[in-house]
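Colleague: The structure that follows is given in the form of structure tokens.
The values are calculated or read from the model by the stated rules, or taken from the named source; none is laboratory data. Everything numeric in this text was worked out from a predicted model, so none of it was measured. With ideal geometry, Cβ positions are generated from the backbone for all residues, glycine too; neighbour counts draw on all protein chains shown. In case anyone asks, the SASA skips ligands and DNA or RNA and just uses the protein heavy atoms, side chains included. Shrake-Rupley method; radii C 1.70, N 1.55, O 1.52, S 1.80 Å.
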Amino acid sequence: MHGALDRSTRLATAPALGVRGLSVAYHDRPVLWNVQLELYRGSLMAVVGPNGAGKSTLLRAVLGMVPVLAGDIAVFGGTLAEQRRRVAYVPQRSGIDWDFPTTVFEVVRMGTYGRLGWLRRPGAAERERALAALEMVDMVEFAGQQIGALSAGQQQRVLLARAFAQDAELYLMDEPFVGVDAPTEAALVRLLQELRDRGRTLLVVHHDLATVPEYFDSVALLYRRVVACGPVEAAFTEPNIAATYGARRVGGGTC
Amino acid sequence: MSLELWTLAIATATALACALCGVLLVVRREALVAEGLSHAVLPGIVVGFVLLQERNAPLLIGAAALAGLLMVLAVQLLRRTGIVDPDASLGIVFSALFSVGILVASQRLRNTHFHAHCIIDGDLALAALDDVSVGGTVIGPRAFYILLAVLAVLGTFLALMWKELQMMLFDPGLARSFGLRPGLLHAAWLGLVSLTAVAAFDTAGSILVVALMIAPAAAAYLLARSLFQMVWIACGIGAASAAAGFGLGMGLDMTPSAPMASSAGLAFLVVFLLAPREGVVARLRVRRAQRAELRRQLLLHGVGSAGCAESELAGALRWSAAQCRQEIDRAVASGHVECVGERVCVTLAGQAHGRAYLARMLGGSAGRAPDPVAS
């Protein structure tokens, strides 16, 4: 009994994401080395680091998409398998085949398939959720369009809408602002901040150091190891940035 | 039912089963797998025939299909080692297997229907002669029922796994994050493609089956707006090719296998040239319109708000006098410029046209359609 009680408190209060001692390698090359990370519920955290720092690999490891050499990943205090429905993933736009014969609506509706389970077909409820997600990113009028006909910014918004259609609590996003023009980026950032204010947790791989303090409340500086992690004021310091990017990055600046 | 009608029925069932397989292969950009599989199943079929002395036993079909699937998976493993070039690994393994099949067939099956031409292009007319009977009553050619069964299996699998297949094809990462195993689903599908290649072996042979799988699906890919549409368009083209091939075969007094494949190829060619969005003609037309628009814009901005003389304009743009005259005439016809004596002037409509173009092409996100969020 005591154990069960422990478990339920743990599940209710645990951070959205707890990574301890995570190491991942491709062949003989370690990409992540003994990574520690805590992401509290209701925070909007950036993951920054130079190319090859392991930012995408971190997200993919959390999602169980790459084999883990060592370490422990807790999602809301449980395993990923237990908590899968509470997690949504936004892949890099470049990893998607945009020539695939499908429409904006169909792609967004795919976000609802995770809860549907085998053999069940999407119905009116899934349709509603997909349209509501399109509404969030202001793309309803594009619902019937071929995805190949969209601009880069619109494609990015479709991927975000798909994640919103999952109605998750923890969002993992891989470079959601790449190829997006400035006004769209501002609108998307406001959207992410709104989600955070409603209690969702977001971990966003980001490439523009200059906008980190403005967009995010916390940050993880990653170069294979976590150089620093925490509230932006505490972690996003010149020495930490220099340690992450090497001497050439001293002074901050953008990629 | 007459022999002709049975032949048509077998041809249609072959074409439909192949078209369904092709859709997923083409969308996943692995059309070459069809080529490989159609070759890899031959040794399985031949060895099975030598052992069982029967051509169409379900057991034999299943075993040969499984052997084909294992070969494809072996090639994928070989590719993943990175030691052998991907194309080379396909070429090496499948052609070698194919030659083993021919070797065994020529040594052990000299007096059967395993002639070289049957292996390569099948013989639909021959397949229609091989009747099967249930409880003493002849119910029609064995090949028809086998292909019908394969078609049913393919259709059921597609219907039940539709949303999983869609995810597996479009974004395996999403499927994995939902806890699905896209690799397993893909292997299951390849198994069904292998089954189809074996079942269609008698009717389409190992070369023509590739055309029947890929051509309708590749044409449908250029026409369809969704995967669902693509399935139906591919099936339509497949069925039409079967009918056309059957008619052509009758007219030319030959087995319809080859005419069927040619019809499918011809259908692809027509779509490739004339598809409304992706076709060659449509693309050329778009490119021509874009070039005309570019010249129009160069003209408008060359003339400028103050207007200029025609000869000056030709000099500034390095256009010949004749070319310059032609562009001016076109722009006058569309109301973008007007000629006042010797001078060329941009009209109000022309100025608006030029500004809109610059804003679209050079402002903000160059070359992209304006984003609604931005406004």
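Colleague: Being within 16 Å of residue A:186 (Cβ to Cβ) and open to solvent by 10 Å² or more (accessible area, probe 1.4 Å) is the filter here; which residues of the range A:208-227 pass it?
Modeller: A:208, A:210, A:211, A:213, A:214, A:215, A:216, listed by residue number.
Colleague: Restricting attention to the range B:179-220, and to residues there that are over 27 Å from residue B:272 (Cβ atoms) and buried (at least 24 other Cβ atoms within 10 Å of the Cβ), which single residue is farthest from the other protein chains (Cβ to nearest Cβ)?
Modeller: For the range B:179-220, the residue satisfying everything is B:202.
Colleague: Moving on to the next point. Could you tell me which numbered condition residue B:256 fails, if it satisfies all but one of (1) within 21 Å of residue B:152 (Cβ to Cβ); (2) away from chain A (no Cβ under 14 Å)?
Modeller: Going through the list (1) within 21 Å of residue B:152 (Cβ to Cβ); (2) away from chain A (no Cβ under 14 Å), residue B:256 breaks only (1).
Colleague: Looking at (1) more than 12 Å from chain B (Cβ to nearest Cβ); (2) not in a loop (DSSP other than H, G, I, E, B), which is the one condition that is false for residue A:177?
Modeller: (2)
Colleague: Give the residues of the range A:133-142 that are more than 8 Å from chain B (Cβ to nearest Cβ) and not small (Gly, Ala, Ser), sorted by residue number.
Modeller: Residues satisfying the conditions are A:134, A:135, A:136, A:140, A:142.
Per-residue answers, yes or no, for (1) outside any loop (DSSP other than H, G, I, E, B); (2) within 9 Å of chain B (Cβ to nearest Cβ); (3) within 22 Å of residue A:57 (Cα to Cα):
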| site | (1), (2), (3) |
| --- | --- |
| A:101 | no, yes, no |
| A:105 | yes, no, no |
| A:111 | yes, yes, yes |
| A:126 | yes, no, no |
| A:130 | yes, no, no |
| A:144 | no, yes, no |
| A:154 | yes, yes, no |
| A:160 | yes, no, yes |
| A:171 | yes, no, yes |
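Colleague: Also, I was wondering about something else. Can you work out which of the residues in the range B:340-354 that are touching a residue at least 12 places away in the same chain (Cβ under 8 Å) and open to solvent by 50 Å² or more (accessible area, probe 1.4 Å) is nearest to the chain's Cα centre (by Cα)?
Modeller: My answer is B:353.
Colleague: In addition: Quick one: how many residues across the range A:88-145 are charged (D, E, K, R), over 21 Å from the mean Cα position of the chain (by Cα) and surrounded by 19 or more Cβ atoms within 10 Å (Cβ to Cβ)?
Modeller: Residues that pass the stated criteria total 2.
Colleague: Okay, next question. Do we have residue B:180 as of a type in the set (A, V, I, L, M), part of a helix (DSSP H, G or I) and either within 29 Å of residue B:263 (Cβ to Cβ) or over 21 Å from the mean Cα position of the chain (by Cα) (or both) here?
Modeller: In short, no.
Colleague: Does the range B:157-168 hold any residues that are more than 7 Å from every other protein chain (Cβ to nearest Cβ) and open to solvent by 10 Å² or more (accessible area, probe 1.4 Å), and which are they?
Modeller: B:157, B:158, B:159, B:161, B:162, listed by residue number.
Colleague: Let me ask something additional. Considering every residue within the range A:65-82, establish whether at least one is open to solvent by 10 Å² or more (accessible area, probe 1.4 Å), among the β-branched types (Val, Ile, Thr) and either in contact with a Cys (Cβ under 8 Å, 6 or more places away or on another chain) or facing chain B (nearest Cβ under 8 Å) (or both).
Modeller: Scanning the range A:65-82, I find no residue that is open to solvent by 10 Å² or more (accessible area, probe 1.4 Å), among the β-branched types (Val, Ile, Thr) and either in contact with a Cys (Cβ under 8 Å, 6 or more places away or on another chain) or facing chain B (nearest Cβ under 8 Å) (or both), so the answer is no.
Colleague: Restricting attention to the range A:186-206, which residues are open to solvent by 30 Å² or more (accessible area, probe 1.4 Å) and more than 25 Å from residue A:15 (Cα to Cα)?
Modeller: A:186
Colleague: Which residues, taken from the range B:155-194, are in contact with a strand residue (DSSP E or B) (Cβ under 6 Å, 6 or more places away or on another chain) and closer than 14 Å to residue A:120 by Cα?
Modeller: Scanning the range B:155-194 gives no hits.
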